[in-house]
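The values are calculated or read from the model by the stated rules, or taken from the named source; none is laboratory data. The shown structure was predicted, so the numbers you read here are calculated from the model rather than taken from an experiment. Ideal geometry is used to build each Cβ from the backbone, glycine not excepted, and the neighbour counts take in all protein chains shown.
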Amino acid sequence: MTNITPSKPIQDLLDRASGLDQKEGDTRLKAVVRDLLEQVFHIIERHDLTEDEVWGAVSFLGKGAEEYGLMMPGVGIEHFMDLVLDARDEEAGMGGGTPRTIEGPLYVEGAPLSEGSATMSDNEDEGERLIITGVVKNEAGDPLPGAVVDVWHADTRGFYSHFDPTEQNAPFNNRRKIRVGDDGRFEITTIMPSGYACPPGGSTDTLMTLLGRHAARPAHVHFFADAEGYRHLTTQINIADDPLVNDDFAFGTRDGLAPEITREDGVAKIRFDLELVSSTKGSGERSHRERLTA
Ligand code: MBD
Ligand code: FE
């Protein structure tokens, strides 16, 4: 193993490559780019990477670009961001509420809005009927009238509308927004989703295979929750009896996010309350990541 990265010529190279010797440019970005480049240099040396490996990595990252939305959760960065945000909230004395967890890449802006309750399914889907009820409330347990929950999930094959390789999902099938009334309650009538598997042979699937991992998620239902004066919440419930519930390739399962399922007359029922934290106690609005709008 060589170790030239700490040497003066390479440290000078890093300074120049990241524009530290230039007046123009973005100071914060320069600092980040310098650290990033130094890590890359260090990794190349530490693992004795060959030219072919370096260019192979460039090619992989280039071809994989359209799957970065899957790669980020797959390698744990999206979950890590949740843990960082948790730690920042905690540090500021602003912890609590329903745990956040990853959004994933499959949200679509523009779902139909209804009051209090919604039937999610537009497609005929021969699956188990599922009813999810809950209350949007604050830390004191008071309901939050006017709060909006935005819900999305896969169909019984694990496919989402707008991302369905078979194109059988109607636009906004299994995507709804619900505005809650004075009691804070929402009721979702839908069909039990299946877990999600990354496109076979795609970049993420390939990377996971090379890491000796699988590329699948347990069945889950995504939520955004927003109320005036409260911190935005991005979360999910994972279906507790899915075999992958604690083996999610995207690390989305967290304590408190796999609520009990009860079954009555062939209908599965889940109770899931969304507890929001006062935004005078927190940073968070929803991230401005790129999203599909339809
Ligand atoms: C999903 O449905 C998802 O929620 C995540 C995080 C990654 C891939 C597919
Ligand atoms: Fe998902």
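With the requirement that a residue be under 12 Å from Asp150 (Cα atoms) and within 11 Å of ligand 1 (Cβ to nearest atom), what does the stretch 218-240 give you? Spell out the reasoning first.
Just the residues of the stretch 218-240 that are under 12 Å from Asp150 (Cα atoms), to begin with: 221-227, 232-236.
Once the filter is applied, which keeps residues that are under 12 Å from Asp150 (Cα atoms) and within 11 Å of ligand 1 (Cβ to nearest atom), the stretch 218-240 yields Val221, His222, Thr234, Gln236.
Restricting to the stretch 212-224, give me the number of residues that are more than 16 Å from ligand 2 (Cβ to nearest atom) and either within 21 Å of Pro259 (Cα to Cα) or charged (D, E, K, R) (or both). Walk me through it before giving the result.
Going residue by residue through the stretch 212-224, those that are more than 16 Å from ligand 2 (Cβ to nearest atom) are 212-213.
Still in the running and either within 21 Å of Pro259 (Cα to Cα) or charged (D, E, K, R) (or both): 213.
Here the count works out to 1.
So which strands (runs of 3 or more DSSP E) stay within the stretch 141-211 end to end and still have 3 or more residues that are within 14 Å of ligand 2 (Cβ to nearest atom) and in contact (Cβ under 8 Å) with a residue 60 or more places away in the chain? Don't jump to the end; show me each part of the working.
Details: elements: 148-153, 175-179, 185-191.
Result: 148-153.
Considering (1) among the hydrophobic types (A, V, I, L, M, F, W, C); (2) surrounded by 18 or more Cβ atoms within 10 Å (Cβ to Cβ); (3) farther than 25 Å from Ala147 by Cα, say which one Leu61 fails and leave the rest.
Of everything listed in (1) among the hydrophobic types (A, V, I, L, M, F, W, C); (2) surrounded by 18 or more Cβ atoms within 10 Å (Cβ to Cβ); (3) farther than 25 Å from Ala147 by Cα, Leu61 misses just condition (2).
Please find, among Arg100, Arg179, Arg175, Arg157, the residue that is at pLDDT 95 or above, in contact with a helix residue (DSSP H, G or I) (Cβ under 8 Å, 6 or more places away or on another chain) and basic (Lys, Arg). Full working, then the answer.
On the way: Arg179 fails: in contact with a helix residue (DSSP H, G or I) (Cβ under 8 Å, 6 or more places away or on another chain); Arg175 fails: in contact with a helix residue (DSSP H, G or I) (Cβ under 8 Å, 6 or more places away or on another chain); Arg157 fails: in contact with a helix residue (DSSP H, G or I) (Cβ under 8 Å, 6 or more places away or on another chain).
The conditions single out Arg100.
Considering each residue of the stretch 206-225, count those that are among the charged types (D, E, K, R) and surrounded by fewer than 21 Cβ atoms within 10 Å (Cβ to Cβ), and give that number. First the steps, then the outcome.
Here is the first cut: in the stretch 206-225, the residues among the charged types (D, E, K, R) are 213, 217.
Remaining after also requiring surrounded by fewer than 21 Cβ atoms within 10 Å (Cβ to Cβ): 213.
Of the residues in the stretch 206-225, 1 are among the charged types (D, E, K, R) and surrounded by fewer than 21 Cβ atoms within 10 Å (Cβ to Cβ).
How many residues does the stretch 220-230 contain that are of a type in the set (Gly, Ala, Ser) and not in a loop (DSSP other than H, G, I, E, B)? Working first, answer last.
Going residue by residue through the stretch 220-230, those that are of a type in the set (Gly, Ala, Ser) are 225, 227, 229.
Next, only the ones that are not in a loop (DSSP other than H, G, I, E, B) stay: 225.
Within the stretch 220-230, residues that are of a type in the set (Gly, Ala, Ser) and not in a loop (DSSP other than H, G, I, E, B) number 1.
Among residues belonging to the stretch 132-155 that are over 19 Å from Glu109 (Cα atoms) and buried (at least 16 other Cβ atoms within 10 Å of the Cβ), point out the one that is nearest to ligand 1 (Cβ to nearest atom).
Per the stated criteria, the residue is Ile132.
Would you check which residues across the stretch 115-140 are under 24 Å from the mean Cα position of the chain (by Cα) and part of a strand (DSSP E or B) and list them?
Ala118, Thr119, Leu130, Ile131, Ile132, Thr133, Gly134, Val135, Val136, Lys137, Asn138
Residues that are within 16 Å of ligand 2 (Cβ to nearest atom) and either in contact with a Phe, Trp or Tyr (Cβ under 9 Å, 6 or more places away or on another chain) or of a type outside the set (Lys, Arg) (or both), at least 1 per element: which helices (runs of 4 or more DSSP H) completely within the stretch 1-111 meet that? Explain how you work it out, then say what you get.
On the way: elements: 8-17, 27-46, 51-63, 68-74, 77-91.
By residue number, 68-74, 77-91.
When only residues in the stretch 256-282 that are more than 16 Å from the chain's Cα centre (by Cα), in contact (Cβ under 8 Å) with a residue 60 or more places away in the chain and assigned to a loop (DSSP other than H, G, I, E, B) count, which is farthest from ligand 1 (Cβ to nearest atom)?
Gly266
Where the second residue is among the hydroxyl-bearing types (Ser, Thr, Tyr) and the first is assigned to a loop (DSSP other than H, G, I, E, B) and lies in the stretch 231-245, which pairs have Cβ atoms under 7 Å and are six or more apart or on separate chains?
So the pair list comes out as Arg231/Ser279; Val245/Thr253.
Pairs needed: first member in the stretch 33-55, under 22 Å from Gly19 (Cα atoms) and assigned by TED's automatic domain parsing to the domain that holds Arg16; second member anywhere, assigned to a helix (DSSP H, G or I) and modelled with pLDDT under 95; C-beta distance under 7 Å; at least 6 residues apart or different chains.
No pair meets every condition.
Of the residues that sit in the stretch 65-93 and are among the aliphatic types (A, V, I, L, M) and buried (at least 19 other Cβ atoms within 10 Å of the Cβ), which one is nearest to ligand 1 (Cβ to nearest atom)? Lay out the reasoning, then the answer.
As a first pass, look at the stretch 65-93 and keep what is among the aliphatic types (A, V, I, L, M): 65, 70-72, 75, 77, 81, 83-85, 87, 92.
After this cut, where a residue has to be buried (at least 19 other Cβ atoms within 10 Å of the Cβ) as well, the list is 70-72.
Details: Leu70: 5, Met71: 10, Met72: 9 Å.
Ranking the candidates gives Leu70 first.
Has the stretch 231-248 got any residue that is away from ligand 2 (no atom under 16 Å from the Cβ), basic (Lys, Arg), crowded, with 22+ Cβ neighbours inside 10 Å and under 22 Å from the mean Cα position of the chain (by Cα)?
Yes, because at least one residue in the stretch 231-248 is away from ligand 2 (no atom under 16 Å from the Cβ), basic (Lys, Arg), crowded, with 22+ Cβ neighbours inside 10 Å and under 22 Å from the mean Cα position of the chain (by Cα).
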